[in-house]
Amino acid sequence: QAGILYTSTNQATAAVTRLQELLESERGKLSAAIFSLSDGFIALTPEREMLVYNPAAVEIFGMSAGKPLTSFDVVDRLAGKMDLRTKIDQAISEDRALVTSNVSVADRVLLVTVAPVKDSSGSVIAASVVFHDQTSEYRLERQRQEFTAIMVHELRAPLTAIHWSADALVKVVGAPAP
């Protein structure tokens, strides 16, 4: 009896150890993927406590690398530009990702995507927020618009002069015969 119990306990211990190792391995892969993202990423509990964030999020919000990023830091940096709490509540209640564009934070223009995170039973366990820095695209679009406006202005000036010259010639020569 004792030998069977001892063997069963050892097998159970080995199985639990393998499961823990597998869990740690998968957690490491997930962390590596999140940390390697070029976009800022945070995950918050339904109570708005920070679960995880990546270095890009720290950089986007201008925090020092040694200080942990908190949900209060993020909400504070977005104040007056986007109500993150409301977006999280809306994403969870509508059960879909919400995208907000042209959110200005410091000298950056961000595209912010908020989505619910569910467990295997469908219960919401967190909210994910991705901050995509669109600053360079935004600046290029502004430069394109400025260039187009300048070109339209520059092309109108010669056309206006040609139009005035044609009007003057018609007046000097007289109206054409019908």
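Taking each residue of segment 81-95 that is under 11 Å from Val124 (Cα atoms) and looking for partners that are of a type in the set (Val, Ile, Thr) and surrounded by fewer than 19 Cβ atoms within 10 Å (Cβ to Cβ) with beta-carbon atoms closer than 6 Å, six or more apart or interchain, yields Ile92/Val124.
Matching residues to (1) in contact with a Ser or Thr (Cβ under 8 Å, 6 or more places away or on another chain); (2) within 27 Å of Asp95 (Cβ to Cβ); (3) not small (Gly, Ala, Ser):
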position: Glu24; (1), (2), (3): no, no, yes
position: Gly40; (1), (2), (3): no, yes, no
position: Thr45; (1), (2), (3): no, yes, yes
position: Leu51; (1), (2), (3): yes, yes, yes
position: Ala65; (1), (2), (3): no, no, no
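Determine, yes or no, whether Ala32 is free of Cβ contacts under 8 Å to residues at least 12 places away in the same chain and loosely packed, with under 10 Cβ neighbours inside 10 Å. So Ala32 fits the description; yes. In segment 131-173, the qualifying residues are those that are assigned to a helix (DSSP H, G or I) and aromatic (Phe, Trp, Tyr), and the one that is least open to solvent (accessible area, probe 1.4 Å) is Tyr138. Total residues in segment 55-71 satisfying the condition of being surrounded by 12 or more Cβ atoms within 10 Å (Cβ to Cβ) and without any contact (Cβ under 8 Å) to a residue 40 or more places away in the chain: the figure is 7. Against the definition (farther than 22 Å from Asn54 by Cα and at pLDDT below 90), how does Arg144 come out, yes or no? So Arg144 passes the test. With the requirement that a residue be among the hydrophobic types (A, V, I, L, M, F, W, C) and open to solvent by less than 30 Å² (accessible area, probe 1.4 Å), what does segment 72-91 give you? Those that are among the hydrophobic types (A, V, I, L, M, F, W, C) and open to solvent by less than 30 Å² (accessible area, probe 1.4 Å): Val74, Leu78, Met82, Leu84, Ile88, Ala91.
The residues on offer are Thr13, Thr45, Thr17, Thr9, and the sole one that is within 24 Å of Leu84 (Cβ to Cβ), polar (S, T, N, Q) and open to solvent by less than 100 Å² (accessible area, probe 1.4 Å) is Thr45.
Being out of contact with any Ser or Thr (no Cβ under 7 Å at 6 or more places or on another chain) and part of a strand (DSSP E or B) is the filter here, so list the residues in segment 110-128 that pass it. Result: Leu110, Thr113, Val114, Pro116, Lys118, Val124, Ile125, Ala127, Ser128. Scanning segment 92-126 for residues that are farther than 17 Å from Glu49 by Cβ, among the small types (Gly, Ala, Ser) and surrounded by 17 or more Cβ atoms within 10 Å (Cβ to Cβ) gives a single hit, Ala115.
The values are calculated or read from the model by the stated rules, or taken from the named source; none is laboratory data. What you are looking at is a predicted structure, and each value in this text was computed from that prediction instead of being measured. Quick reminder, even Gly has a Cβ in these numbers, built from the backbone with ideal geometry, and neighbours come from all protein chains shown. What goes into the accessible areas is simple: the full protein's heavy atoms, side chains included, and nothing from ligands, DNA or RNA. Shrake-Rupley method; radii C 1.70, N 1.55, O 1.52, S 1.80 Å.
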